[in-house]
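Just so it is clear, none of the values below were taken in a lab; they were calculated from the coordinates. Keep in mind that this is a model prediction, so the values were computed, not measured. No Cβ is skipped: glycine too gets one built from the backbone with ideal geometry, and neighbour counts run over all protein chains shown.
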Amino acid sequence: MHITVKNLLDIKNNIQDHLNEEGINSCPKIIAVSKTFAMDKILPLIDFGHTDFGENKVQEALEKWTEIKKKNSKIKLHMIGKLQTNKVKFAVQLFDYIHSVDNEKLAKKIADEQQKINKNIKIFLQVNIGNEIQKSGIDKNDLNSLVTYCKELNLNLVGLMCIPPSNLEPENFFKEMNILNQNLGLSELSMGMSSDFLKAAKHLSTYIRVGSSIFGQRS
């Protein structure tokens, strides 16, 4: 068994054990964050049957995934990095999920581009849950108006996404995100990374974004 597959299975078992202990009956999907890793590291996971992969940069994703996705229609590609409006056209062609929508201009551009090719991408709104000046994401006080706007555009809005402050205990942020998500009636929640995915799972994250714990440290 390839080391990346073993790592993935270990993470899944860890999550399941943790949720069983908490008495929570849910099972989040794991997005293998493959940014910066070459295909030879990723292929063992694809061969094993893993389908959800995350990339941060549109150009890198196009080079790596265009041919693979043509051959394997089951693969779901998640855009988890900041998306510039001038890259939306290419992102819409390749990705199945975009996790980082945080303003009306970007939402409108996605709506326009996917209409041209008759595609319906699943959208997460990125919330700046820790009110960090240097971080992307919409202020939680402005969230309702962006949700309304996305619905007016007929975007397929499935949930919220966050990256909590790295220097603070994430659990309270995850708890707050779960409440926001439920209040909006959204079904998916994208939160949790290599360092904190067990805590995210406890607060009903449905998509966990894990890179280094699967693939090893980035060079």
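Here are a few things to note about the model shown:
- Label-to-label distance, nm, for residues given as LYS140 and LYS71 (7 Å Cα→Cβ offset): 4.5
- Taking the Cα centre of the chain as origin and assigning +1 to Lys and Arg Cβ atoms and -1 to Asp and Glu Cβ atoms, the resulting dipole is close to 780 debye.
- Taking θ as phi - 60° and the Karplus parameters 6.51, -1.76 and 1.60, the scalar couplings of the stretch 137-145 work out to x, 7, 4, 4, 6, 9, 5, 4, 5 Hz in sequence order, x denoting glycine and proline.
- Were the residues from THR51 through MET1 laid out at 0.36 nm apart, the gain over their Cα-Cα distance would be 16.2 nm.
- Spatial separation of Cα centroids for the stretch 113-180 and the stretch 28-44, in angstrom: 23
- Backbone amide hydrogens, once placed in the peptide plane, bring LYS29 within less than 5 Å of TYR207, ILE208, excluding anything fewer than 5 places away on its chain.
- Amide H contacts under 5 Å for SER100, placed H, 5+ residues apart: PHE124
- Taking trypsin sites (Lys or Arg not before Pro) across the stretch 59-123, the ones in a DSSP loop with at most 14 further Cβ atoms lying within 10 angstrom of their Cβ are LYS74, LYS119.
- Whole-Hz Karplus values for the stretch 121-129 come out as 6, 7, 10, 10, 9, 7, 9, 7, 5 Hz, taken residue by residue from phi with 6.51 cos²θ - 1.76 cosθ + 1.60 and θ = phi - 60°; glycine and proline positions read x.
- Hz values of 3J(HN,Hα) by residue in the stretch 199-208 - Karplus curve (6.51, -1.76, 1.60), Gly and Pro given as x: 5, 5, 4, 4, 9, 6, 4, 9, 10, 10
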